[in-house]
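A quick write-up on the structure given underneath.
The values are calculated or read from the model by the stated rules, or taken from the named source; none is laboratory data. Source: prediction; values computed, not measured. In this analysis, Cβ positions are derived from the backbone assuming ideal geometry, glycine residues included, and neighbour counts consider all displayed protein chains. Just the protein is used for accessible areas: all its heavy atoms, side chains included, with ligands, DNA and RNA removed. Shrake-Rupley method; radii C 1.70, N 1.55, O 1.52, S 1.80 Å.
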Amino acid sequence: MSEKKCQIQPLQEGDIEQVIGLDKNLGGNARPEFFNKRLQAMGRSPETYISFVASVNDQLCGFLFAHVLRGEFGTRQPVAVIDALGVQPGEQGSGVGMQLMNALKEEAAKRGCDTLRTQANWHQQELLAYFANAGFSLAARNVLTRDTSPLELELEEEEDIGLRPVRSLAESDLDSIRRIDKHITSEDRETYLKQKVAEVISDSGIRVSMVAEQDGLVAGFIMARVDYGSFGCAESTAVVDTLGVGPEYKGAGIGSALMAQLMDNLASLQVEHVRTEVEWENFDLNRFLASSGFRPAQELSLSCAL
């Protein structure tokens, strides 16, 4: 099919119902909560989100949603992460998807991004071919997942973890989280952490992020969210964005206490799966996640240099 010229423009509030309808036609499941929350988040932080729609003869036929992260993926420059993408079946193969991607690349570059990131299930051959044609390749990151069954621990660990107070993360915890993260990464990721705290408190459907305390001080944290329909996933799934334990508490069971409580909370919310993405050379974190029951997911981590 030859390339069809379409009109690409930023998402407007009036487009959202058509986007929800098109997405349902493509995936078979309606995800109004995901798209409406994204619309609300765009209103609060327009500099963080990039969303385009495509239309032919004034009929919406495609959409692409992304958000900008600053300080993630071990880079100092912003990175644009693709969350949702869809093209009307009758227009697939006509170049609509590539025109949406080109618009994203142009806008992301204007915002200082040097890379696009996304995930795709390895069974989705047509989607993978699309990303390959758009210049994406495999990223050096592991996508890991587990169900939300209780975290199995040794008896001594269970007794020790029971002594670790764990509570919901609050905005006032940002400075403590920033201190711990700086010890771990050797970088001050204030902008990224501030954005993630805002996301898990304001943008997440349900707040599941937590901190663990020791002697009244924040000793560790886990920042997670429940996404009702994130990219490539129709059902509710929890996503762990980042976690950390203060160096003075390493080996004290703080990380296990946080992970165990997270699984209990998610199970009570009837969320069945949780996933995360980790740099492959972060051996300590990969080892901890493996001991917590995480295994390779069916999704591949993809990246495209701008």
Roughly how much of Met42 is accessible, in Å² to the nearest 10, using a 1.4 Å probe? 40
Overall form of segment 7-146 per C-alpha gyration tensor (a/c, 1.5; a/b vs b/c): rounded
P(r) of segment 1-59 in 10 Å steps, Cα pairs, percent per bin? 20, 47, 29, 4
List the GluC sites (Glu not before Pro) in segment 1-109 that DSSP assigns to loop (not H, G, I, E or B) and whose Cβ has at most 14 other Cβ atoms within 10 Å. Which are they? Glu3
Using r as the Cβ-Cβ distance of Gln77 and His183, and R0 as 22 Å, what FRET efficiency do you calculate, to the nearest 0.05? 0.45
Among the listed pairs Lys24/Lys105; Lys4/Lys24; Lys105/Lys182; Lys5/Lys105; Lys4/Lys105, give every one whose C-alpha distance is greater than 29 Å. Lys105/Lys182
Under the helix-only model (-39500 (n - 2.57) for each DSSP H run of 4 or more, divided by the residues of the chain), the mean residue ellipticity at 222 nm, to 500 deg cm²/dmol, is -10000 deg cm²/dmol
State the extension gain, in nm to one decimal, for the chain segment bounded by Glu152 and Ser291, taking 0.36 nm per residue of separation less the distance between their alpha-carbons. 49.1 nm
Glu190-Ser45 pseudo-label distance in nm [points 7 Å out on the Cα-to-Cβ vector]: 1.6
How high is the FRET efficiency between Asp264 and Glu17 when r is their beta carbon distance and R₀ equals 35 Å, given to the nearest 0.05? 0.40
Once you order the gyration tensor axes a ≥ b ≥ c over the Cα atoms, which shape class does segment 243-302 get: rounded for a/c under 1.5, otherwise prolate or oblate by comparing a/b with b/c? oblate
Which listed residue (Ile254, Leu266, Pro296) has the Cα farthest towards the positive end of the charge dipole for segment 233-306, taking +1 on Lys and Arg C-beta and -1 on Asp and Glu C-beta about the Cα centre? Ile254
For the chain, build the charge dipole from Cβ charges (+1 Lys, Arg; -1 Asp, Glu) around the Cα centre, then report which of Ser168, Ala139, Ala219 sits farthest towards its positive end. Ala139
Using modelled backbone amide H atoms (1.01 Å from N, in-plane), which distant-in-sequence or interchain residues come within less than 5 Å of Ser209's amide H? Leu169, Ala224
The correct ranking of His67, His183 by accessible area at 1.4 Å, largest first, is His183, His67
In Hz, Karplus ³J(HN,Hα) per residue of segment 181-191 (6.51, -1.76, 1.60; θ = phi - 60°; x = Gly, Pro): 4, 5, 4, 7, 9, 6, 9, 8, 9, 4, 4
Diffing segment 268-275: the Karplus 3J(HN,Hα) column from phi (6.51, -1.76, 1.60, θ = phi - 60°), in whole Hz with x for Gly and Pro, holds 5, 8, 6, 8, 8, 9, 9, 9
Between Asn102 and Ala132, what is the spin-label point distance in nm, taking each point 7 Å from the Cα along the Cα→C-beta axis? 2.2
Cα extents of segment 25-105 along the three principal axes, largest first (Å): 40, 26, 22
Whole-Hz couplings from phi, Karplus 6.51/-1.76/1.60, listed for segment 290-306; x for Gly and Pro: 4, 5, 8, x, 7, 9, x, 8, 7, 8, 9, 8, 10, 9, 9, 6, 9
